[in-house]
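The values are calculated or read from the model by the stated rules, or taken from the named source; none is laboratory data. Because the structure is a prediction, the values reported are computed rather than measured. Ideal geometry is used to build each Cβ from the backbone, glycine not excepted, and the neighbour counts take in all protein chains shown. Areas reflect the complete protein model, heavy atoms only, side chains present, ligands, DNA and RNA absent. Shrake-Rupley method; radii C 1.70, N 1.55, O 1.52, S 1.80 Å.
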Amino acid sequence: MKINPSLLFFHRRFSCSCLVSLSLLFLTTLAPTCLAEIAVRTGEKIVFLGDSITAGGAASPSGYVQLVMSGLEANGVKASAVPAGIIRQKSTEMLARLDRDVLLKKPIWMTLSCGLNDVWQGERGVPLELFKKNISEIVDRAQSAGIKVLILTLTLIGEDPQNANNQKAIVYNDALRNVATEKNCLLADVNGEMRSTLKQASYAKADDHQLTIDGVNLNPLGHQIMAIGILKAFGLNEAQLENAEKTWLDQPTSCDLPLKVSVSLREYVNLRETAKKRSLSMSELINEAAKKSIKELIVNKPESEDRSRSLPSK
């Protein structure tokens with residue numbers, strides 16, 4: 001049988017076209033799971049405007065500001081951070097210092113973590129309507145200066161989502177979500193993430209804290225929730241968040257432990273003598289012993305207790 005050369009050419013061309021089309025479809029389908037588009041670019045500056053949680057988030061390697069930056073870098077984005085958190089501040093004070101602490105820094109991005117003190121300072125707080133006005137003005141002025149804005153919902157005030165302050169905060173969080181929608185801001189729903197995590201939490205004791213050190217100020221896991229919320233809002237996908245968490249897990253000296261150890265006077269004197277013989281301070285000796293004990297505990301723990309992921313699945 002003789003094959004028409006023109007038909008053979010058509011067949012090859014049709015086959016190649018199908019293969020190219022299928023390949024493009026395959027790559028397009030895989031792209032979001034392999035390499036998501038991250039909103040922040042290398043070289044860009046991010047101002048983190050907030051209160052004491054933001055101040056703490058910048059001061060510690062396990063704080064959310066530093067975690068966001070290392071999480072971006074783990075995914076190839078080398079941006080720079082400008083911490084702008086001041087303790088006990090409300091939306092009124094943040095608006096008052098916006099020029100000095102944000103606009104004059106000329107960032108590309110501003111994250112806004114505001115509202116905790118507006119809610120829980122009671123009569124010294126900020127009423128809802130004034131809060132809405134302050135947040136809108138902060139965002140408007142930032143955007144007028146060409147700054148992109150990411151808004152965070154409030155962290156919980158106490159680890160009981162049903163308490164009075166957290167119920168009061170619901171309308172403040174709604175206001176933040178509305179502003180983000182109306183003004184085309186990115187949104188990190190930290191409040192929702194914390195509520196979801198606490199639903200899955202198991203408390204060893206009644207006064208045990210899962211995400212905070214005192215019910216309000218965050219522990220390392222609470223800061224991770226904030227960081228993950230921000231990175232999600234910046235566009236990182238599951239695989240990229242995994243890259244970030246792997247970087248966080250093995251950062252040395254990133255988490256301070258709440259150690260309270262009581263000893264007898266004899267033990268205290270012996271510890272001082274041991275520290276002196278080894279040319280160490282008391283705190284150096286105790287830290288060395290604690291680290292050794294912690295490593296032994298981790299090595300000897302039952303396999304069923306292994307938790308390679310510090311947070312519930314995202």
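I'd like the full set of residues that are part of a helix (DSSP H, G or I) and in contact (Cβ under 8 Å) with a residue 40 or more places away in the chain, limited to the range 36-64. Spell out how you get there, then give the answer.
First pass over the range 36-64, keeping only residues part of a helix (DSSP H, G or I): 52-59, 64.
SER52, ILE53, THR54, GLY56, GLY57, TYR64 - these are the residues of the range 36-64 that are part of a helix (DSSP H, G or I) and in contact (Cβ under 8 Å) with a residue 40 or more places away in the chain.
When only residues in the range 67-87 that are free of Cβ contacts under 8 Å to residues at least 40 places away in the same chain and touching a helix residue (DSSP H, G or I) at 6+ places or on another chain (Cβ under 7 Å) count, which is farthest from THR212 (Cα to Cα)?
Among those residues, the one meeting the criterion is ALA79.
Could you tell me how many of the residues in the range 64-83 are in contact with a strand residue (DSSP E or B) (Cβ under 7 Å, 6 or more places away or on another chain) and surrounded by fewer than 24 Cβ atoms within 10 Å (Cβ to Cβ)? Reasoning before the result, please.
Here is the first cut: in the range 64-83, the ones in contact with a strand residue (DSSP E or B) (Cβ under 7 Å, 6 or more places away or on another chain) are 65, 69, 79-83.
With surrounded by fewer than 24 Cβ atoms within 10 Å (Cβ to Cβ) added as a condition, the list becomes 69, 79-83.
Result for the range 64-83: 6.
Quickly run through the range 96-126 and pick out the residues that are closer than 23 Å to ALA233 by Cα and out of contact with any Leu (no Cβ under 9 Å at 6 or more places or on another chain).
Matches in the range 96-126: LEU103, LYS105, LYS106, PRO107, ILE108.
Which condition from (1) within 24 Å of VAL149 (Cα to Cα); (2) not in a loop (DSSP other than H, G, I, E, B) is the one that THR197 breaks?
So THR197 meets the others, but not (1).
Tally the residues that are among the small types (Gly, Ala, Ser) and open to solvent by less than 10 Å² (accessible area, probe 1.4 Å), restricting the search to the range 133-172.
Of all residues in the range 133-172, those among the small types (Gly, Ala, Ser) come to 136, 142, 144-146, 158, 164, 169.
Keeping just the survivors that are open to solvent by less than 10 Å² (accessible area, probe 1.4 Å) gives 142, 169.
Number of matching residues: 2.
Among what's in the range 44-63 and is open to solvent by 10 Å² or more (accessible area, probe 1.4 Å) and of a type in the set (S, T, N, Q), pick the residue that is nearest to GLU245 (Cα to Cα).
SER62
Filter the range 270-314 down to the residues that are basic (Lys, Arg) and at pLDDT below 80, then identify the one that is surrounded by the fewest Cβ atoms within 10 Å (Cβ to Cβ).
Keep residues of the range 270-314 that are basic (Lys, Arg), which gives 272, 276-278, 291-292, 295, 301, 307, 309, 314.
Add one more test, that the residue is at pLDDT below 80, and what stays is 291, 295, 301, 307, 309, 314.
Working: LYS291: 12, LYS295: 10, LYS301: 11, ARG307: 8, ARG309: 10, LYS314: 17.
The selected residue is ARG307.
Is there any pair with a first residue in the range 261-275 that is at negative phi and a second that is at pLDDT below 85 and not hydroxyl-bearing (Ser, Thr, Tyr) whose Cβ atoms are under 6 Å apart and which are 6 or more apart or on different chains, and what are they?
ALA275/MET282; ALA275/LEU285
Determine whether the range 233-249 contains at least one residue that is touching a strand residue (DSSP E or B) at 6+ places or on another chain (Cβ under 6 Å), closer than 30 Å to ARG177 by Cα and buried (at least 17 other Cβ atoms within 10 Å of the Cβ). Steps first, answer last, please.
Going residue by residue through the range 233-249, those that are touching a strand residue (DSSP E or B) at 6+ places or on another chain (Cβ under 6 Å) are 233.
With the extra rule that they be closer than 30 Å to ARG177 by Cα, the set shrinks to 233.
Subsequent filtering for residues that are buried (at least 17 other Cβ atoms within 10 Å of the Cβ) retains 233.
There is at least one residue in the range 233-249 that is touching a strand residue (DSSP E or B) at 6+ places or on another chain (Cβ under 6 Å), closer than 30 Å to ARG177 by Cα and buried (at least 17 other Cβ atoms within 10 Å of the Cβ).
Show me the helices (runs of 4 or more DSSP H) entirely contained within the range 97-179 in which 1 or more residues are in contact (Cβ under 8 Å) with a residue 24 or more places away in the chain and hydroxyl-bearing (Ser, Thr, Tyr). I'd like the intermediate steps shown before the answer.
Values: elements: 98-101, 116-120, 128-144.
The helices (runs of 4 or more DSSP H) meeting that bar are 128-144.
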